[in-house]
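The values are calculated or read from the model by the stated rules, or taken from the named source; none is laboratory data. This is a predicted model, so every value here is computed, not measured. When we count neighbours, we look across all protein chains shown, and the Cβ atoms used for this are built from the backbone with ideal geometry, even at glycine. To get the accessible areas, we keep the full protein, side chains included, count just its heavy atoms, and leave off ligands, DNA and RNA. Shrake-Rupley method; radii C 1.70, N 1.55, O 1.52, S 1.80 Å.
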Amino acid sequence: MTGRILVSDSFAPEQVRASGSRVVSASFNVPSDIEAMTIRAYALIPGFSDGEQTVIPVLPSSAPVVDSTPFYIAPGNTDFSVSIPKLDKDAKVTLTYCDNPIWECVTALPSILKPESVNILAQADALFGNAVASSLFRKYPKLIDAVREMADPNNVADSVLYSPLEKNPELKTVLLNNTPWVNDAGSETMRMQSLVDYSDPAAARKAVEAIMKTLSERQNGDGGWSWCPEMKSSTFITGRVLHTLALLANMGYLPDGGRKLASKAFRYMDNELAADWNRNERKYFSFTGLLAYLYDKSAFKGVGASSQFSPLDAAAMKKIQSDWRDLDVSDKALAAMLLQRRNLTKQSHIILESLSQFASRSPGKGMWFDNLSSSRSGDYALLATSRVLEAYAMIEPGNPSVDLLRQWLVVSKQTQNWGDNRYTAEVINAVLTSGTDWTVPSAMPDFLINGGELPFAGLLSKANAAGSYTLNLSPAMASGATLSIRRNGAGPAWGGVVAQYIAPILDVKAAEIPQLSVTKNVYVITPVENGTKATADGLTVGDRIRVTLTITCDRDLDYVAVTDPRAACLEPADQLSGYTQSDGVWMYREVRDESTNLFIPYLSKGTHVISYDCFADRNGDYSLGIATAQSQYAPEITAHSAGRLIKVSVSSR
């Protein structure tokens, strides 16, 4: 505090009743060089006086701005160029680039897992994760070599064995410690770094053998499994375990003894499914259930249908051949692979053509399916796409769609935490074992601005396995220029140019990218006979104001932070921070003195209108802060709204 007096005023006497109050106001110019000010008010009566003082923040009329130009490079593209827009002359400009993101996918493999429960499904999930991860590391020795290199303490600065939540903090709008995701980041980093344990084949083999022993001991005499010990066999539980064993058989990673366990279980399932069909007078069976079961069974050559099951097998195959068009994307892929294994190759190719016609394509994203609905974590879209990839790899391995599907899966890893589960291992195996080899570490790329090579060759003296770089650029050099990248990597690549600067709020224009956009509006909410009415103008003191943030994204995003500075006249209706939801989006809403911040763990593809209410507590003209949405997994995926002025009038009511 400097002690400088900005304004001093006296007011005419007024009669105030006991426990009453009086409103006084003063107008003055606020200097641009202060961040807080003290207000003192005195009340006087003859022979007595009393007063109060409080310190209030002075909100600046300028705000930090983050603009981004993300880009994607298609597999096999060795020369790529992107135009950088005009940048603020005082901006901090950063280039982020990942030349070989297949390694980002590899780091999502589960560590050596121990079953989380005694139930048989937890045992099967742990078996799958351990068997796939250990087999991949054994099949591709360069994977473990790269993991060892990345785990070396000397390579901490550029290692990919750290959660993306912990990387590039200087590019993010909020610090990790100010988000609810500190534990998520720590556990993800711990899992990534424990992948080096697979360099000990004996430990991985021991984990798999222990689970196989449990599965064998827990298999009942009729061949089925129950959820927990001493329960009766269940077709649902047995089918889930068989699915796990079938996936491992498809990949070639089935442990010793797995086929024997599966053969007994298939006999149990054949008998139970046939008996259930007969109880329904052979009129009904689960179309998709039988499709999945027959596909799992086809992974074990020589395991045929029992005499009781043969009629149901024939009925199911007939329906699959006639009604496959009614299936969703994932089940169409299963049907194609099952028909291929049953030597019905003409129909399997027809189904692939149907899948191709339903797919979307772009050079930067690859091949994907817009009609896949997103689940809470986005797993379904990943699994369904990887299943289509498996179908292409089996039936038409030379089809260009194989690498396009792999490209979409790899690109989706940029903004998603694939977690620590068996499904991740299935997706990663599909990406690694099909198409062209993308695991070869690429040489250092060349970066050029307007044809001139950038002068930081010394910073690129050592390439990590993922070819990940974060490099500072001169704003004068980068503004309005063309960035060119020369590379020899076979796989896809991604990156972005991020500019950070301070600008007057009213001068800030909305900035959106194809991946993300956000717009901000305020509405006056007034009660009417049948509810409430929202109007966009005529704000007055005391009005209930609804702030709406319309966020649109073209993909599923994990860990999205939305920072929304409020106008100085808006006081939030809900003063407490906590978990809440708006428009079906769950989030942690943090209420600060000057802003409302939203931390969204999962934002599905589409348009979402998120809102919160405030009250207008004073009149005047105020800058409405810009709302910024940013992926904390990939900070180059960022967008912000435009700055604008709002006017609050004194109520005439």
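I'd like the residue in the stretch 276-290 that is under 24 Å from THR244 (Cα atoms) and assigned to a helix (DSSP H, G or I) and, out of all such residues, is least open to solvent (accessible area, probe 1.4 Å). Steps first, answer last, please.
Within the stretch 276-290, the first condition is being under 24 Å from THR244 (Cα atoms), and the residues that meet it are 276, 285-290.
Those still in the list that are assigned to a helix (DSSP H, G or I) too: 276, 287-290.
On the way: ASP276: 75, PHE287: 34, THR288: 64, GLY289: 34, LEU290: 11 Å².
Ranking the candidates gives LEU290 first.
Against the condition closer than 20 Å to ASP67 by Cα, at pLDDT below 95 and touching a helix residue (DSSP H, G or I) at 6+ places or on another chain (Cβ under 9 Å), how does TYR559 come out, does it pass?
no
Inspect the stretch 90-111 for any residue being surrounded by fewer than 20 Cβ atoms within 10 Å (Cβ to Cβ), more than 30 Å from LEU448 (Cβ to Cβ) and in contact (Cβ under 8 Å) with a residue 12 or more places away in the chain and give the result as yes or no.
Yes, there is a match, as at least one residue in the stretch 90-111 is surrounded by fewer than 20 Cβ atoms within 10 Å (Cβ to Cβ), more than 30 Å from LEU448 (Cβ to Cβ) and in contact (Cβ under 8 Å) with a residue 12 or more places away in the chain.
For the stretch 55-85, give me each residue that is out of contact with any Ser or Thr (no Cβ under 7 Å at 6 or more places or on another chain), of a type in the set (Ser, Thr, Tyr) and either open to solvent by 60 Å² or more (accessible area, probe 1.4 Å) or over 22 Å from LYS172 (Cβ atoms) (or both).
Scanning the stretch 55-85 gives a single hit, THR78.
Would you check if there is a residue in the stretch 87-105 being touching a Leu at 6+ places or on another chain (Cβ under 7 Å) and assigned to a loop (DSSP other than H, G, I, E, B)?
no
Could you go through the stretch 325-332 and let me know if any residue there is within 36 Å of the chain's Cα centre (by Cα), closer than 15 Å to ARG387 by Cβ, crowded, with 19+ Cβ neighbours inside 10 Å and charged (D, E, K, R).
Yes, that holds for at least one residue.
Give the residues of the stretch 11-48 that are among the hydrophobic types (A, V, I, L, M, F, W, C) and not in a strand (DSSP E or B), sorted by residue number. Break it down into steps so the answer makes sense when it comes.
Quick first cut of the stretch 11-48, residues among the hydrophobic types (A, V, I, L, M, F, W, C) only: 11-12, 16, 18, 23-24, 26, 28, 30, 34, 36-37, 39, 41, 43-45, 48.
Correct list: PHE11, ALA12, VAL16, ALA18, VAL23, VAL24, ALA26, PHE28, VAL30, ILE34.
Any residue at all in the stretch 531-546 that is closer than 22 Å to GLN632 by Cα and either among the acidic types (Asp, Glu) or modelled with pLDDT under 95 (or both)?
In the first step, residues of the stretch 531-546 are kept if they are closer than 22 Å to GLN632 by Cα; the result is none.
The answer is no, given that none of the residues of the stretch 531-546 is closer than 22 Å to GLN632 by Cα and either among the acidic types (Asp, Glu) or modelled with pLDDT under 95 (or both).
With buried (at least 17 other Cβ atoms within 10 Å of the Cβ) and more than 27 Å from ALA292 (Cα to Cα) as the only criterion, which of LEU195, LEU215 stands out?
Numbers: LEU215 fails: more than 27 Å from ALA292 (Cα to Cα).
Of the residues listed, the single one that is buried (at least 17 other Cβ atoms within 10 Å of the Cβ) and more than 27 Å from ALA292 (Cα to Cα) is LEU195.
Is at least one residue of the stretch 397-416 in a helix (DSSP H, G or I), open to solvent by 10 Å² or more (accessible area, probe 1.4 Å) and at pLDDT below 90?
Looking through the stretch 397-416, none of the residues is in a helix (DSSP H, G or I), open to solvent by 10 Å² or more (accessible area, probe 1.4 Å) and at pLDDT below 90.
I want to confirm something. Restricting to the stretch 545-560 and keeping residues that are touching a residue at least 60 places away in the same chain (Cβ under 8 Å) and under 23 Å from SER362 (Cα atoms), which single residue is surrounded by the most Cβ atoms within 10 Å (Cβ to Cβ)?
It comes out as LEU557.
On the basis of being open to solvent by 40 Å² or more (accessible area, probe 1.4 Å), assigned to a strand (DSSP E or B), in contact (Cβ under 8 Å) with a residue 60 or more places away in the chain and farther than 16 Å from GLY625 by Cβ, does TYR588 make the cut?
On the way: open to solvent by 40 Å² or more (accessible area, probe 1.4 Å): yes; assigned to a strand (DSSP E or B): yes; in contact (Cβ under 8 Å) with a residue 60 or more places away in the chain: yes; farther than 16 Å from GLY625 by Cβ: yes.
When the stated conditions are applied, TYR588 passes them.
Before we move on, is SER306 open to solvent by less than 50 Å² (accessible area, probe 1.4 Å), touching a residue at least 40 places away in the same chain (Cβ under 8 Å), among the polar types (S, T, N, Q) and out of contact with any strand residue (DSSP E or B) (no Cβ under 9 Å at 6 or more places or on another chain)? Working first, answer last.
Numbers: open to solvent by less than 50 Å² (accessible area, probe 1.4 Å): yes; touching a residue at least 40 places away in the same chain (Cβ under 8 Å): no; among the polar types (S, T, N, Q): yes; out of contact with any strand residue (DSSP E or B) (no Cβ under 9 Å at 6 or more places or on another chain): yes.
Against the criterion (open to solvent by less than 50 Å² (accessible area, probe 1.4 Å), touching a residue at least 40 places away in the same chain (Cβ under 8 Å), among the polar types (S, T, N, Q) and out of contact with any strand residue (DSSP E or B) (no Cβ under 9 Å at 6 or more places or on another chain)), SER306 does not qualify.
Please determine, by comparing only the residues of the stretch 112-129 that are in contact (Cβ under 8 Å) with a residue 24 or more places away in the chain and among the aliphatic types (A, V, I, L, M), which one is most open to solvent (accessible area, probe 1.4 Å).
So the first thing to find is which residues in the stretch 112-129 are in contact (Cβ under 8 Å) with a residue 24 or more places away in the chain, and the list is 112-115, 118-121, 123-129.
Checking which are among the aliphatic types (A, V, I, L, M) leaves us with 112-113, 118, 120-121, 124, 126-127.
On the way: ILE112: 49, LEU113: 37, VAL118: 93, ILE120: 0, LEU121: 27, ALA124: 3, ALA126: 4, LEU127: 1 Å².
Checking each candidate, the answer is VAL118.
Answer with yes or no whether ASP184 is touching a Leu at 6+ places or on another chain (Cβ under 9 Å), charged (D, E, K, R) and more than 28 Å from TYR293 (Cβ to Cβ). Steps first, please.
Details: touching a Leu at 6+ places or on another chain (Cβ under 9 Å): yes; charged (D, E, K, R): yes; more than 28 Å from TYR293 (Cβ to Cβ): yes.
Yes, satisfied.
So how many residues does the stretch 164-186 have that are touching a residue at least 24 places away in the same chain (Cβ under 8 Å), in a helix (DSSP H, G or I) and more than 16 Å from THR628 (Cβ to Cβ)?
4
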